[in-house]
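Undergrad: Handing you a structure now.
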């Protein structure tokens, strides 16, 4: 490491003190609940054209850096909001015709900590510095670019009312860092063509966020109230340009891929076959924040396989989307609905009910802002005929209109249309339309919502609606939520997911559809100890959830209570208990080989504890235990995990769970074991190897997925993927499927 570099923290001391005092007054106004727009001018940084070329080496030692405007006097954001964040951080910015540059000096005497060298992975669990950029400066849309002390990059979009970072978005930017005894420095170069902005706008929204993991703290330049995330774009200062940057007219990227390998499926008519495929993605910037994504013959073989959970409920479980095309900007479609009622679920496209791939021929997605306060999403995907099923076209249209300060009106329309022998089927289609209104007071403490969606089916007109209405109060200490929601038995969105509608009758071996009405309420009380307490936060939670049948009778009630402790050293402890009351409507089997439980009323209690250790340490442990009754029997659950991490090169983790179900004869007993092992090695910032094993006795499978990735150019990759799956019924290993694939994709920006 180079020694003797000068730090700019103590230059211009009088000016820094004045800025700090000014920021203190303005920040107190923010914390007190005043409008962030009123005090944004206090947090202002000017960005100027650079007089010389920057060498992007992570060492901002060019002389001009000492002459440009700086952002100093950061605030602590978490665990408490207060001025004078320590250790100090200084950020400066500049630009030329092609790039917006950022230089950061992060003072730190303690060793830095990160989780991995992999891009976009576990950034918030390590040290880092990031910038929030709102080019439109309307608090509706922003970019996030960040880097950790080892130079690993994270980027994403900030969208929607919750302003959480959607890191599935990838944009080109460059970053380098340099570590020293006194801390670390960083340089970023963000291509202006990666950003959508108006050339007439000289003022952008900006904030800087620093993770200081050894103190378990988040720092921000402009203070953000504790109930909001550190990247909330309603709390940004002003980035003032000396002259508006020139907008790059062309922003077109082509991403072709080639794939080859072999596949073995013993049960198939052709058990062993070679695989060759090719396809193309295109990304086109149409306007200041509007993007068109096109895909031709897409392939998602590099996506990690699904982790099969243990399911002791009466309904299907949610499996997350892992395919990149559906992850980017997904919230424009997936934010609709409520708990257990999702009008849009992208796994219904290109995957059947067993999770098998249905080939997609082509697709298009248009997402972004067509106006500062109007955001849209249009999706169209065409699948080919497969396994005796006709080809399908899937479409979705979403419009989000911001009203008042932070409130939203939005609508969603979905359509599945079947094609038989090239003709549009007049009897095989599924459509939904919905409207949602969400009121969010500017300070974020009060929220209320109303939602309604309707399904349009070929021969069914009754009981085809789904609805939700609720309200929430959130403050520093108190959070309360209440909601009423439900769905008619014929609300069947083919592009959605409503698992509670399908009730299994194991006596007749059939599925019975039933509508439902659910009531939910929760209350959380938080305490944030100050001084030298061992705790950052401890809080109590109470939850009540009641499900009613269509005739108003009770179906299921659950009462939950918990108390949680989060320590300054990141250890976490939760004690919890539940009381369940279920009026079983249909005979239901919970144990393989046992008889279905009869129709009856079942009431039981369970209690448990969860504890995990500091994830910053080389060794990380978690343990969880649950014990109590289960319907007319008992349940004992145990889960444990251990992860060993070698910074920054990777980790090896093993998690195992055991579920001991004991129901009286003849309903069965079972010991369900689920073991997952994950090996993650990051040789460099561009060379990765991940291997995942899972053994699940409930699903009776053993899966292996191993993936090697070489990022040989920005956003361009070579993948080698090996997947092996076995059935374990009877205690042996029977071949299920095996694939070995090589995939190459290249990101070409025109």
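The values are calculated or read from the model by the stated rules, or taken from the named source; none is laboratory data. In this text, all values refer to a predicted model and were calculated from it rather than measured experimentally. Here Cβ is always computed from backbone atoms with ideal geometry, including for glycine, and neighbour counts include all displayed protein chains.
Undergrad: Suppose we filter the range 642-672 for residues that are on the phi > 0 side of the Ramachandran plot and in contact with a strand residue (DSSP E or B) (Cβ under 7 Å, 6 or more places away or on another chain); how many remain? Before the answer, list the steps.
TA: First, pick out the residues of the range 642-672 that are on the phi > 0 side of the Ramachandran plot: 650, 668.
Add one more test, that the residue is in contact with a strand residue (DSSP E or B) (Cβ under 7 Å, 6 or more places away or on another chain), and what stays is 650.
Residues meeting the conditions: 1.
Undergrad: For the range 465-535, please list each of the strands (runs of 3 or more DSSP E) lying entirely inside it that holds at least 3 residues being free of Cβ contacts under 8 Å to residues at least 12 places away in the same chain.
TA: Numbers: elements: 465-474, 478-487, 502-505, 510-513, 516-527.
Passing ranges: none, list empty.
Undergrad: Which of the following residues is crowded, with 18+ Cβ neighbours inside 10 Å and either at pLDDT below 95 or part of a loop (DSSP other than H, G, I, E, B) (or both): 643, 682? I'd like the intermediate steps shown before the answer.
TA: On the way: 643 fails: either at pLDDT below 95 or part of a loop (DSSP other than H, G, I, E, B) (or both).
Only one candidate qualifies: 682.
Undergrad: Oh, and also: Could you give every pair whose Cβ atoms fall below 7 Å, whose first residue belongs to the range 317-342 and is surrounded by fewer than 19 Cβ atoms within 10 Å (Cβ to Cβ), and whose second residue is in a helix (DSSP H, G or I), counting only separations of at least 6 or pairs across chains?
TA: 319/347; 321/327; 321/346; 321/347
Conditions (1) out of contact with any helix residue (DSSP H, G or I) (no Cβ under 8 Å at 6 or more places or on another chain); (2) surrounded by fewer than 18 Cβ atoms within 10 Å (Cβ to Cβ); (3) modelled with pLDDT of 95 or more, marked per residue:
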{"site": "452", "(1), (2), (3)": "yes, yes, yes"}
{"site": "480", "(1), (2), (3)": "yes, yes, yes"}
{"site": "491", "(1), (2), (3)": "no, no, yes"}
{"site": "509", "(1), (2), (3)": "yes, yes, no"}
{"site": "515", "(1), (2), (3)": "no, no, yes"}
{"site": "519", "(1), (2), (3)": "yes, yes, yes"}
{"site": "524", "(1), (2), (3)": "yes, yes, yes"}
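Undergrad: Run residue 25 past the list (1) at pLDDT 65 or above; (2) under 30 Å from residue 404 (Cα atoms); (3) out of contact with any strand residue (DSSP E or B) (no Cβ under 7 Å at 6 or more places or on another chain); (4) surrounded by fewer than 17 Cβ atoms within 10 Å (Cβ to Cβ) and report the number of the one that doesn't hold.
TA: (1)
Undergrad: Search the range 112-144 for residues being touching a helix residue (DSSP H, G or I) at 6+ places or on another chain (Cβ under 9 Å) and assigned to a strand (DSSP E or B), and hand back the single one that is surrounded by the fewest Cβ atoms within 10 Å (Cβ to Cβ).
TA: Once the filter is applied, the top-ranked residue is 143.
Undergrad: Turning to a different aspect of this structure: Just to be sure before I move on: is residue 351 within 30 Å of residue 660 (Cα to Cα) and without any contact (Cβ under 8 Å) to a residue 40 or more places away in the chain in the structure I sent? Step through it out loud before you land on a result.
TA: Working: within 30 Å of residue 660 (Cα to Cα): no; without any contact (Cβ under 8 Å) to a residue 40 or more places away in the chain: yes.
No; evaluated as a whole, the condition is false for this residue.
Undergrad: For the condition within 24 Å of residue 158 (Cα to Cα), modelled with pLDDT of 95 or more and either within 23 Å of the chain's Cα centre (by Cα) or not in a strand (DSSP E or B) (or both), what is the one hit in 397, 376? Can you show your working first?
TA: Values: 376 fails: modelled with pLDDT of 95 or more.
Going through 397, 376 in turn, the sole match is 397.
Undergrad: Condition first: under 30 Å from residue 680 (Cβ atoms), touching a helix residue (DSSP H, G or I) at 6+ places or on another chain (Cβ under 8 Å) and either free of Cβ contacts under 8 Å to residues at least 40 places away in the same chain or not in a loop (DSSP other than H, G, I, E, B) (or both). Can you find one or more residues in the range 66-86 that meet it? I'd like the intermediate steps shown before the answer.
TA: Of the residues in the range 66-86, the ones under 30 Å from residue 680 (Cβ atoms) are 77-79.
Next, only the ones that are touching a helix residue (DSSP H, G or I) at 6+ places or on another chain (Cβ under 8 Å) stay: none.
No, the range 66-86 has no match at all.
Undergrad: Still on this model: Sort out which residues of the range 304-321 are modelled with pLDDT of 90 or more and touching a helix residue (DSSP H, G or I) at 6+ places or on another chain (Cβ under 6 Å), and write them in order of number.
TA: 315
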